[in-house]
Every structure is written in structure tokens, then in C-alpha cells.
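All of the numbers you see were taken from the coordinates with simple rules; none came from a lab. Source: prediction; values computed, not measured. In this analysis, Cβ positions are derived from the backbone assuming ideal geometry, glycine residues included, and neighbour counts consider all displayed protein chains.
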Amino acid sequence: MKTEIEKPARPIHDSEDYLEQAIQAEYKYGFVTDIEADEAPKGLNENIIRFISAKKNEPAWMLEWRLKAFAHWQKMKEPNWANIKYDPIDYQDIKYYSAPKQKIKPGSLDEIDPELRKTFEKLGISLDEQKRLTGVAVDAVVDSVSIGTTFKAQLGELGIIFCSISEAIQEHPELIKEYLSTVVPITDNYFSALNAAVFTDGSFVYIPKGVRCPMELSTYFRINAENTGQFERTLIIADEGSYVSYLEGCTAPMRDENQLHAAVVELVAMKDAEIKYSTVQNWYPGDKNGVGGIYNFVTKRGICKGDNSKISWTQVETGSSITWKYPSVILKGDNSVGEFYSVAVTNNYQQADTGTKMMHLGKNTKSRIVSKGISAGFSNNSYRGLVQVNKNASNARNFSQCDSLLLGDKCGAHTFPYIEVKNSSSMVEHEATTSKIGEDQLFYCNQRGMDTETAVALIINGFAKEVMNQLPMEFAVEAQKLLAISLEGSVG
Amino acid sequence: MLKIDNLQAGIEGRKILKGISLDIKPGEVHAIMGPNGSGKSTLASVLAGRKDYEVLGGSVEFLGKDLLDLEPEERAGEGLFLGFQYPVEIPGLSTTNFIKTAVNEVRKYRGEEPLDAVKFLKLMKEKMALMNIDQSLLSRSLNEGFSGGEKKRNEIFQMAMLEPKLAILDETDSGLDIDAIRVVSNGVNKLRNKDNAVLLITHYQRLLDYIVPDFVHVLYKGRIVKSGPKELAYELEEKGYDFIKNEIDAAELADQVAEINK
């Protein structure tokens, strides 16, 4: 069975002066850090890949792996099935390597360049371990490289490895060789192949058997340099019976050019292990006329490899001019569980085509999808999701809920659910709603003393609550504010 | 407190209120009655500042300010409360959170510090006891899945929390059975004092058995055609709106005939 349903956007109200009106959301992370960078020239060819590999001092097998991916990428075509429109990307006009030049390679966090430290302070992320009260370990990545990881020693005592992926390639090659590209093969898709060829950094996590990671692990990605693409690669392995909660956040300066971000994230959950992966994506969305912004083409996939394992994706997507992203779970182990909770906000001319894939292979596997799309301005917001139940996945269960909320009458919300079921004992449910912020709701709030902005924030947060509840406490409040800021000025 | 002078208003080019004048003083309860389509709810909406309605003439003064010049949220800040005939649902937003935001936004307007969680809960407990309202109602999503009676009780509870100077209750009794009317009316009566005022808008006299008005006004075809003490409500109940309608329509007809004969 295969279905494709499209719900066209519905105009929500005719009253010109009330619900219409776009926009004036200020992006507050749009500053540029003035720091010298060590960069590769623009363009993409084998030499650039050799350059990156050499910069990273990588072993020969790693370079070979990259070149193989590059050879494959050259034969591939950029996908065009998503519900997004953009000018062709000139892959030769991008710099594939840019590292902030630090006078000496930091031996410890204290030696990080003060300018960079300031950047992260402005972003509300302190690299100062002592001052951190929230109990969150951070790996900070600027452009192409990781500039430091906090709480490394404390985590090390439990046998947890949390470091940049470059470091892992040097220090833990056996783990990299065993797991890298086992979930997202280098040939998987156009952007993942590109990533494999040119990725420059990212995070690596290994949680040993039976260990429950005592703090949230997080990576903060920052694009700083101009004309640079960011291609990070993250690999998280939760060994038998372990647990980890991981969060990533992202921002970028405001620029008129579009910048490309093509990341790959792979998660591996062994028997009885659980990985919770949360994203607050706030890349620069472009200005109110749709100029500039990040092109966010990301491949995220996890495998529930062992029985009784669980992978849960939570994402709050407010940034980027284009978001193309489908965090997925391969439910291979029996009784394994996959979850996807998403809030995607688009405003002005932003476009998002996002959703998930739940692939049921094992018996008694369960998946749950909760997607909340909020569109405003002239934006387009699409949910695209695949639920696949294979022949042997007896008693598989899926529940999907896709809700769209429209603000104004010039934006669009679309739902593309794909369902493929090959086992008759399975049960798949899909529910979808489309609603609007009504004039009645706003007037009701106004009459209780709230201005329209406050009212919209309340209504939006109510709409997105089921997903926000999944976020770790430390980030839930921040994410709520972000939702409100992203939609500022979208209702007049 | 509220002085309405020759107010004319309409919607989508259609004139509905054709010159309303009304004077409400602190401590008073006024009831506006009238048949369907007479303009009762339009009056409530215009006073609260609903944007689809257009004011075509006249003035409204509220506590010394030009009410028509204020945004809806500013009117709320000044102490005007509208109990809705059809309270809206907001899924996912807890009633408590909604009320807390409302209370603190109104405080902000008045230049007062917001209530912290402890003080807010204390106030809420106090009003819950007074209004005889259950915690479980307040932790649910705002009005979502509420019965008609629960929605109206929630309106009166919000009124208790916001302590308005003037409460306009638009058809608060519509769709309620007699027990629910009693509960809601008790709430309103407990909140009455010498400094605040209530404007009741209702189709039926039965609400006025529970909330006894000082004045009753009959609205018909966008005008107040008759005003009097509470006894007027009984007369209406007894004779129906037809007796007013006939009176007015006969007078109108006589005018028209006189016009033609001239």
C-alpha cells in the first residue's frame, strides 16, 4: 500500500488588517566574530578532499573512504522530489574548509581564543566548566572544526567518550571503523555522499555497557566564516543497556548569500539501550524578503540494533531558509521503539520539507510520530513521512499525528504521508489536522488584557506543547521563547 | 463610570446600533434585554473593541477615558471585562497558564509588579473557594471539551481573578440549565460591590431572578426603546417582546403614514 495525500493550504481569513501582515522577526544571533581563519580555496575536487584529510592528519583508510564517497557523489543527481524551490547550488563556489586560526592549539579549554570564547558567551553558551550549573557537557564547533569539549574528564571516569569526531578518528579508530556509515551509507543520498567526502568535524559519543550518562551532552554548531559550507558528522553509539540524552543547537551570522549546511548524524542503539536526541535548529532564516539564510540539507538516522532498544528524535526547527530533513529510525531489534517529535516553524519566505521514516523490521516494534507545523508569512511547510512495516515485523504498531497551524493567508501547509505495510498483523494509524489562529482566539486573549504578540505566543506554545514536553528541561524554556521570537510580527 | 452617548455602530456596512445612550454608575447592575437581532451582542462587542465592528458615531466614556480610542487589551487593563457568549477553545494551553498571563498582563498595564507563582496560586485558591470551582477544570486546556456550564463558570472565574470595574456579561445564561444558571449567578453576586458595575445582556428574564438588576433596558432594532426598574423585566416576560415590537412598529408606521400624508 502506498499513499500520497496532499492537503493544499487554506486561506484562513479575509480580513486584511487583522490576521494578514508579515513580519519583522529580528534574528539575534546574526553577528560575525572577527577572527582569522585557516581556509581552503573555493571549489570541490579530489585535491580539496586530500587537503581536508591532511589538515586533519587522518589515516589513509579515512582518506580512501572520503574519495570513494566523492567518486560516488559525482555520479549522483541532486534530489528534486521535495516541496522546496531554490536556485541551483554551485558546489564549486563554496569553501569546504575553514578553521578559526588560534595561535596555539588549545591544550585545555582555558587556552581557547578569547574572541571565540566571547562568541559562545554571546550565544549564551559558556565554555567555562566551573560556571556551568546546568550539568550539560558541550562540544563547540565553529565552521569546520571543534574548538573544545567541556566535562571530558568527568565523563571519562565513567568510560564515556565525548569528543570531536576528528579526535575520535585519531584516538578511537576501531570504533569509527566499526560504526561509521553503517547507518547512513556513503551512497545513501546526494547530500550524505557530499558530507562523507568533505565533512570536517562533528561530535562523537560512546556510552559503554550499562552506563547511564549522568548529564545532557550537547553540541553547539556555529557557522562564522563567509562562503563556507558546514558539513559536520555526528556518531553516537549507546552500548548495551546504556542511556544518553543529546542535544544540538545551531546559529549562523546574517548574510545575504545562502550558505550550505549538509550534516549527517548516525545513532546506534544496542540491546536495551536508549538514545534521546534533541535539536533546536536556529540557523539564520534569511531576511523578511527571503534573501540569504542557510540551506539545511541534513540526513539523520538511527538504528535500534538490539532488542528492546529505543531511539527518540525531538526537533524544534525555527531557522534556515530551506530545511530538508527526515530524522529516521530503523527498528531492527525486536520490541524496539522509535519516536519522532517535531515542531517546524516557517515564517517570511522560509521553506521546510521535514518529517521522518520509521522502518519496522523487528517483531513487536513500535513507532510514534508527532509533527506540528506552523506556517506564517509567505512560507511553505511540508510534513513528509514514511512508515514502513516489513514482512517479518509482526505486531508492529505505529501512530502518527500531523497537525498544521496557519497564521495568515499567504502561507502553505502540506502533508505527505507514505505508508507501506507488508505484514497483516501490524497496525498503523495516521491522524492529521489543519487549523488556523482565529480572530476569535486573538480577540478573546486581547479582551483578557494580552496584546496580540503575547496571545500568538500562548496559542503557539499550546499547539506545540506535546513536542516541547519532550525537550530536556534546560532547553524547553529557551525553545519556547524561540518559537515566539520566530513568529514575532507575523500577526498584525 | 460608563457613559454611552448616541452610539452608532455596524458591521460590513450594515448599521446595527442606531443611537444608544446609557449611563452606568458604580455599584449598579443594568440589564439589557431584547429579541434576537436587536443588537445586544453588537453592543457588547463594540464596547470590548472587537475589530470587525465599525463605530459610526457617538461616544463612550469609561472612567474618564475615551473608550473607543483604546485597544481591546487596553480596555481590559482599564478594568473592562467581557464574559463571552461563546468562549473560545485554545488547545494545549492550560486554563491556569492563560489566567496567569491575563492577570499579569493587566498588572503590567497598570504599572504593577507581576505576581510570582506563589502569590498567584494563593490568589487562585482564594477565588476558587469563593467561586466554588474545581482545580481539575483549571488544569485542562482552555475551554477545550468543556461543557456549556463549565465554559460559563470559567468566564465568571476569570472575572473573579481579574476583578474588573465593569463586567459585561453577554448571554451568560444561554444554553445553561437552571442549576448552572444558579451557580453562575451566585458567582456574579459574590463579586458585586459598591465600586464595580455589571451590564447583563440577556434574552430571557429568568437570569434576572438570580442577578437582580437596578435598571432594565429594552433594545429593539438598534435602539433602547424602553427603560425602567426591574419590574419591566416581568412585564416583558408576561407579554413577550411582541408588545414592545407592536408598540414600536405601530409608532413607526404612524410616522411613515404622517410622512406620506404631509
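By the compact-protein rule of thumb, 2.2 N^0.38 Å, the alpha-carbon radius of gyration of the stretch A:424-464 corresponds to a ratio of 1.79.
DSSP assigns beta bridges within the stretch B:2-261; of those with both partners inside it, close to 60 percent run antiparallel. Is the shape of the stretch A:174-327 best called rounded, prolate or oblate, per the rule: a/c under 1.5 gives rounded, else a/b larger than b/c gives prolate, else oblate, with a ≥ b ≥ c the square roots of the Cα gyration tensor eigenvalues? It comes out prolate by the Cα gyration axes. Scanning chain B for DSSP H helices at least 18 Å long along the axis (C-alpha atoms) with a Kyte-Doolittle mean no lower than 0.0 picks out B:117-131, B:178-191. How much of the pair distance distribution for the stretch B:2-261 lies past 22 Å, counting alpha-carbon pairs only, in percent? It works out to 57 percent of all Cα pairs.
Since only A:ALA484, A:TYR277, A:GLY210 are under comparison, the one whose Cα sits farthest along the positive direction of the charge dipole of the protein assembly as shown, derived from C-beta charges on Lys, Arg, Asp and Glu, is A:GLY210.
Ignoring lysines fewer than eight residues from A:LYS42 along the same chain, the ones with Cα atoms less than 19 angstrom from its Cα are A:LYS55, A:LYS56, A:LYS95, A:LYS101.
Stretching A:VAL291 away from A:GLU178 to a fully extended chain increases their span by 36.4 nm, per 0.36 nm per residue minus the current alpha-carbon distance. Calculated on the Cα set of the protein assembly as shown, radius of gyration then Dmax: 31.4, 110 Å. Computed over neighbours whose Cβ is under 14 Å from that of A:PHE399, the net charge equals -2, Lys and Arg +1, Asp and Glu -1. Spatial offset of the stretch A:174-248 relative to the stretch B:143-165 amounts to 51 Å, using the alpha carbon center of each. Summary of the geometry: the stretch A:296-315 and the stretch B:78-141, compared by the centres of their Cα atoms, lie 41 Å apart. Only Cα pairs under 8 Å and at least 6 apart count here; give the relative contact order of chain B as a rounded whole percent. Across chain B, relative contact order equals 26 percent. By the helix-only formula, in which each DSSP H run with n ≥ 4 contributes -39500 (n - 2.57) and the sum is divided by residues, chain B has a 222 nm mean residue ellipticity of -13000 deg cm²/dmol.
DSSP bridge analysis restricted to the protein assembly as shown gives an antiparallel fraction near 20%, rounded to the nearest 5.
Where does the Debye-calculated log10 I(q)/I(0) of the stretch B:160-201 sit at q = 0.35 Å⁻¹, using only Cα point scatterers of equal weight, no solvent? So the normalised log intensities are -1.28.
The distance linking the stretch A:350-370 with the stretch A:416-492 is 19 Å (Cα centroid to Cα centroid, whole angstrom).
Counting only other chain Cβ atoms within 10 Å of each residue's Cβ, the peptide A:455-462 averages 4.
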